[in-house]
1. Assuming PRO503 fulfils every condition listed in (1) open to solvent by 10 Å² or more (accessible area, probe 1.4 Å); (2) under 26 Å from THR386 (Cβ atoms) apart from one, which condition is it?
2. Could you list, in sequence order, the residues of the stretch 228-274 that are farther than 22 Å from GLU335 by Cα, among the small types (Gly, Ala, Ser), crowded, with 19+ Cβ neighbours inside 10 Å and touching a strand residue (DSSP E or B) at 6+ places or on another chain (Cβ under 6 Å)?
3. Out of ARG196, ARG134, I need the residue that is in contact with a His (Cβ under 6 Å, 6 or more places away or on another chain) and either basic (Lys, Arg) or at pLDDT below 95 (or both). Which one?
4. For the stretch 280-319, which residues satisfy the criterion of being more than 19 Å from HIS183 (Cα to Cα), surrounded by 15 or more Cβ atoms within 10 Å (Cβ to Cβ) and either of a type in the set (S, T, N, Q) or touching a residue at least 40 places away in the same chain (Cβ under 8 Å) (or both)?
5. Does the stretch 344-355 contain any residue that is aliphatic (A, V, I, L, M), more than 23 Å from SER128 (Cα to Cα), touching a residue at least 24 places away in the same chain (Cβ under 8 Å) and open to solvent by 10 Å² or more (accessible area, probe 1.4 Å)?
6. Return the total of residues in the stretch 463-501 being under 29 Å from SER112 (Cβ atoms) and among the acidic types (Asp, Glu).
7. What residue, of LYS52, LYS88, is outside any helix (DSSP H, G or I) and open to solvent by 70 Å² or more (accessible area, probe 1.4 Å)?
8. Identify all residues within the stretch 477-514 that are within 18 Å of the chain's Cα centre (by Cα) and polar (S, T, N, Q); write none if there are none.
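The values are calculated or read from the model by the stated rules, or taken from the named source; none is laboratory data. Owing to the predicted nature of the structure, the values given are computational and were not obtained by experimental measurement. Every residue, glycine among them, receives a Cβ derived from its backbone with ideal geometry; neighbour counts consider all protein chains shown. Heavy atoms of the whole protein, side chains included, go into the accessibility calculation; ligands, DNA and RNA do not. Shrake-Rupley method; radii C 1.70, N 1.55, O 1.52, S 1.80 Å.
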Amino acid sequence: MNRSRIALSAVAAAVSLLAAHAAHAQVPPVVQGPESVADWYNAGNAFIEQGKQQRNVVRRAKNVILFVGDGMGVSTVTAARILAGQMKGKPGEETRLAFDAFPYTALSKTYSWDQQTSDSAPTMTAMSTGYKTREGMLSVNHTTARGECNAAVIDAKKVATILEAAADMGKSTGIVSTARITHATPAALYAHTSVRDWEADANLPATDVNTGAPCRGSASAVKDIARQLIEVSPNARASLKVALGGGRTYFLPNSVFDPEYASTKGRRTDGRNLVSEWSSTRGTLGSTAYAWNKAQFDAVDPASTRYLLGLFEPSHVQYEADKAADPAGEPTLTEMTDKSLRMLMNDPKGFFLHVEGGRIDHAHHAGNAKRALIETIEFSNAIQRTVDLLQAAGKLDDTLIIVTADHSHVFTIAGYPSRGNNILGLVRDVPNKDGEALANSPDSNGLPYTTLGYHNGPGVRVGGRPDLTSVDTTDLNFLQEAIVPLGSETHAGEDVAIYARGPKGYLVRGTMEQNWVFHVMREAFGF
């Protein structure tokens, strides 16, 4: 009898203990990362071991590639990285973009000679020439007067670019952009002018604002940017094997209709068809091709084509997110980069290539974060394709690759969103107690808000903040909220990142003046 009581008492105690354990069992958190406890330490060890294996390549580079994500500030890189991971079903924060794996990094100070927060003209001029210049100016020194249109004066003030120097060394060169190839960033490599907006002759003023001398139509006036691309120096003309991007109407006379849009005409008032002139002037140097749509582009054989001009839109090319709706079709930035490399790698003397993700900038100006981040992801894809192609061709170790931005934007990642929270969505904090459901985080008025936003721009809501609870903030056309109302969001003045790999890449270090990027490339080439 006593034994039975003892047994029952033991069972009761065990049941009570199990109940106590159950009551205090750890409830799985709603927000979880995929890593185990050991993963963090092991990943850190792997990073250190990789660093120990890294050796500075001190020899000269045969090839140099400069990737510029226009407007790709650090917040843009971070948000694009997260979105890229989330598009693959991951939390996103742990994702790495192609250039995140580059061994050398630095910060770049983007101010220009007369701007605290700069535009693309002086920032790309700094990287292209080694000199900081004035707002809106392309590859002329800072003593140039604003609005100067006299060709002789511009010629005396111009500073040589890395593309021109590579051409003088006998190397092949190329330019790829998702913007107009007459736009500030690509134009800084081949054009010299006091005003970045003089892309076609029709954009030149009638008279010089300083002297009153004639500009438009005058033989003494500086050439417009599109014309400068066609009429570059003999060395640059022979060297520039590929130019791909937008800006078709800047090369066509205003008497000619655009081949894709029936109601659109060229912009030129001088009657010149610069597309035809490209083909005729390069035709004496080798086989040429011109493409304005995807089918023509795909048909170009990089092995047998020596010179390629591609102009895929009257202005900038379509956003990556919108390309599928373009009836004529357009190549992606990755496809343009791929074909350019396959052409340039044919030169035994080596090459210089510039690739711009130009529409990152434009989407930010529109206050449209999703398009900006998709453009950034495509920019990363083009870089990865470049590394893969060079590796397969045995040319990666001979190539200095630099990835950077010309400037940043007033684009923010804010609040305290939980791990894996949709980067385009509303902020949802980590719950105070494990097991509790996620809920939108309220502002002081009880309204939810997005993780992404802008300091200024078109996203200001008249009448105060709206209730975004039922709004699809992940929609492609959603504009993130802004504070200061402006028709176009502005650039930001903070430093941007520089990433590098290859010969002399170790010279990218610390906090650099932006114009030092040129000097790294110059040193890599050895001139």
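1. Answer for PRO503: the failing condition is (1).
2. GLY266
3. Working: ARG196 fails: in contact with a His (Cβ under 6 Å, 6 or more places away or on another chain).
None of the other options fit; the residue is ARG134.
4. If the condition is that a residue be more than 19 Å from HIS183 (Cα to Cα), surrounded by 15 or more Cβ atoms within 10 Å (Cβ to Cβ) and either of a type in the set (S, T, N, Q) or touching a residue at least 40 places away in the same chain (Cβ under 8 Å) (or both), then THR281, ARG282, THR288, ASN293, GLN296, PHE297, PRO302, THR305, ARG306, TYR307 are the ones that fit.
5. no
6. So the answer is 3.
7. Exactly one of LYS52, LYS88 is outside any helix (DSSP H, G or I) and open to solvent by 70 Å² or more (accessible area, probe 1.4 Å), namely LYS88.
8. THR490, GLN514
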